[in-house]
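Data first, discussion second: the structure below is written as structure tokens.
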Amino acid sequence: MADKKRLNILEKQIDEINRCFRCGLCKTVCPSYEELKIESASPRGRIQFAKSVLTAGRPLEGAIQARMLDCLNCMRCAEICPSEVRTDRIVLAARAELARKGKLNIIKKAVFKTVIRQPKLMNLGARIASYGQRWFYKGNEILEALIPRFAGMGDKHFPELSHKQALNKWPEINPPDSGKPVMRVGYFIGCATNLMFTGVADATIRVLTHNNIEVVIPRKQACCGIPVYSSGDYKTAKRLAKMNLEVFSGQNIDCIVTDCASCSAALKHEIKELLGVGPFDVPVYDLNEFLINVIKIDRDLGEVPMKVTYHDPCHLKRGQGIFREPRELLQMIPGVEFIEMKDADRCCGGAGTFSYTHHNLSRKVGSRKADSIRHTDARFVSTPCPSCKMQLDDLIYHEGIEARTIHPVEILDMSYMNKALSGGHKIVDCRSNKYDHSVMGEK
Ligand code: SF4
Ligand code: SF4
């Protein structure tokens, strides 16, 4: 019981823990239990471990620590639990206790204490790293094979960093394409979109301004905090949340929109419910939700002939109840042949940094998703989450699937462009899975 006074974050979960009546229903859906096949790796097992820490004074180490870290935070257990137990929250509280004891992964600790708190430094570091990646790493088969292995990540495929981050690419104020703005929106660009997937940010800004929205991109915005609090560092996550609250207040905006499923979950719910900070003084919307439910978008669309399937990010479907909107968006585009994959809402195994820290388990969980994708025979896998995109890209590469990932907004953007090009040159060659990047203005 020596640690008791230092366990107050976990103690706040005691009612949640006590609501579990050990029925075991959650075991039928938990991806980590499905692979590890041990009771302690089930949601019920993790709850009993957390209880033993609080009530029997068992130390938060060894197998207990391992089980708190190998949960994917996918919320499938919470979705099915008849007692509405949030095992994911119990696990996060346990991780917060681990971080307070200094048991945070050493690389994460260094990143969270330095660059992630300083957006300017993060952008600069990413820019320098992007050149290093291009000059020394990419195409060097020895380094590409050795570095992930030495880092304990097996044959993990690293995504490519962009030379010019989205935050530095677009002006702070982006007026609508024509006429008076119908709305002034604050665009929250998640770190992965900003540093790696800048084409998604380009598409988001083009689609919003096409729909007569004025897009404000505050330069000083910081990370949404999800990789930080998911790892247990609540202190840094709170600091980031406060930075974002300050940066977005006083912008005279009607709402905040983000195209990253994890960021919208963090900004809408977690900063308030988990960290006790916020909420924002204007509503926060996921981009799919905003385009389908909030504004009347231009439905005069051009044809985009492509066969597409869709993967539900856990934090969008279970975290925010958004699954109909991206499907509606994809299916309204002429030429899109939409194929629903089996278990579209099953976790892909990415879970942010989990795919790096628990590479083998992540890959095993992901291979079930890869099978679902393969069976659709789709050439494009659409998902509005950069973390899922990274995992799916890795799976597609290693499993030899002939497909590529794409954000729903990128397809909508192509549709508007194809309409503007009035049936001439098509941006998507539907016979392959390639863009015409020159038309998209990408490198
Ligand atoms: S489904 Fe809910 S009540 Fe049943 S064992 Fe799992 S967490 Fe406990
Ligand atoms: S959040 Fe997902 S991985 Fe974690 S215990 Fe629940 S079902 Fe299992």
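The values are calculated or read from the model by the stated rules, or taken from the named source; none is laboratory data. All values reported here derive from a predicted model rather than from experimental measurement. Ideal geometry is used to build each Cβ from the backbone, glycine not excepted, and the neighbour counts take in all protein chains shown.
Taken as a whole, the condition of being at pLDDT below 80, surrounded by 12 or more Cβ atoms within 10 Å (Cβ to Cβ) and under 26 Å from ARG363 (Cβ atoms) applies to ILE147. Of the residues making up the range 371-387, those that are surrounded by fewer than 22 Cβ atoms within 10 Å (Cβ to Cβ) and assigned to a helix (DSSP H, G or I) number 5.
Of the residues making up the range 330-359, those that are of a type outside the set (Gly, Ala, Ser) and under 20 Å from the mean Cα position of the chain (by Cα) number 13. Determine which member of the set ASP233, ASP259, ASP254 is farther than 23 Å from CYS74 by Cβ and not polar (S, T, N, Q). Checking each option against the conditions leaves just ASP254. Checking each residue in the range 48-67 for being in a helix (DSSP H, G or I) and under 15 Å from LEU7 (Cα atoms) picks out PHE49, ALA50, LYS51, SER52, VAL53, LEU54, THR55, ILE64, GLN65.
Cβ-Cβ contacts under 8 Å between residues 6 or more apart (or on different chains), taken from a first residue in the range 395-424 that is farther than 19 Å from LYS307 by Cβ to a second residue that is buried (at least 22 other Cβ atoms within 10 Å of the Cβ) and of a type in the set (Val, Ile, Thr), are listed as TYR416/VAL207.
Applying a threshold of 6 Å to beta carbon distances and a minimum spacing of six or more residues, or different chains, the list of pairs starting in the range 58-75 at a residue that is within 16 Å of ligand 1 (Cβ to nearest atom) and ending at one that is at pLDDT 95 or above and among the acidic types (Asp, Glu) reads ASN73/ASP88; MET75/ASP88.
Quick one: is ALA222 at pLDDT below 95, within 14 Å of VAL111 (Cα to Cα) and of a type in the set (A, V, I, L, M)? Taking the combined requirement at face value, the residue satisfies it.
Does SER362 meet the test of being crowded, with 23+ Cβ neighbours inside 10 Å and in the same structural domain as GLU337 (by TED's automatic domain parsing)? In short, yes. Residue pairs whose Cβ atoms lie under 9 Å apart, separated by 6 or more positions or on different chains, with the first residue in the range 199-216 and modelled with pLDDT of 95 or more and the second in a helix (DSSP H, G or I) and basic (Lys, Arg), are VAL200/LYS389; ALA201/LYS169; ASP202/LYS169. Counting only strands (runs of 3 or more DSSP E) wholly contained in the range 201-286, the ones carrying 1 or more residues that are of a type in the set (Phe, Trp, Tyr) occupy 284-286. When the range 76-125 is examined, which residues are found to be outside any helix (DSSP H, G or I), more than 16 Å from ligand 1 (Cβ to nearest atom) and either on the phi < 0 side of the Ramachandran plot or not small (Gly, Ala, Ser) (or both)? Across the range 76-125, the qualifying residues are LYS101, LYS103, LEU104, ASN105, THR114, GLN118.
Residues in the range 334-368 that are assigned to a helix (DSSP H, G or I) and in contact with a strand residue (DSSP E or B) (Cβ under 9 Å, 6 or more places away or on another chain): 0 in all. For CYS74, the stated conditions hold: it is out of contact with any Leu (no Cβ under 9 Å at 6 or more places or on another chain), within 16 Å of ligand 2 (Cβ to nearest atom) and not assigned by TED's automatic domain parsing to the domain that holds GLY366. For beta carbons closer than 8 Å, sequence separation of 6+ or different chains, a first residue in the range 234-261 that is modelled with pLDDT of 95 or more and a second that is surrounded by fewer than 17 Cβ atoms within 10 Å (Cβ to Cβ) and part of a helix (DSSP H, G or I), the qualifying pairs are CYS255/VAL294. Scanning the range 168-192 for residues that are crowded, with 18+ Cβ neighbours inside 10 Å and of a type in the set (S, T, N, Q) yields one hit, ASN174. In the range 20-46, the residues that are of a type in the set (Val, Ile, Thr) reach residues that are part of a helix (DSSP H, G or I) and surrounded by 12 or more Cβ atoms within 10 Å (Cβ to Cβ) with C-beta atoms within less than 8 angstrom, at least six apart or across chains, in these pairs: THR28/ILE80; VAL29/ARG76; VAL29/CYS77; VAL29/GLU79; VAL29/ILE80; ILE38/GLY45.
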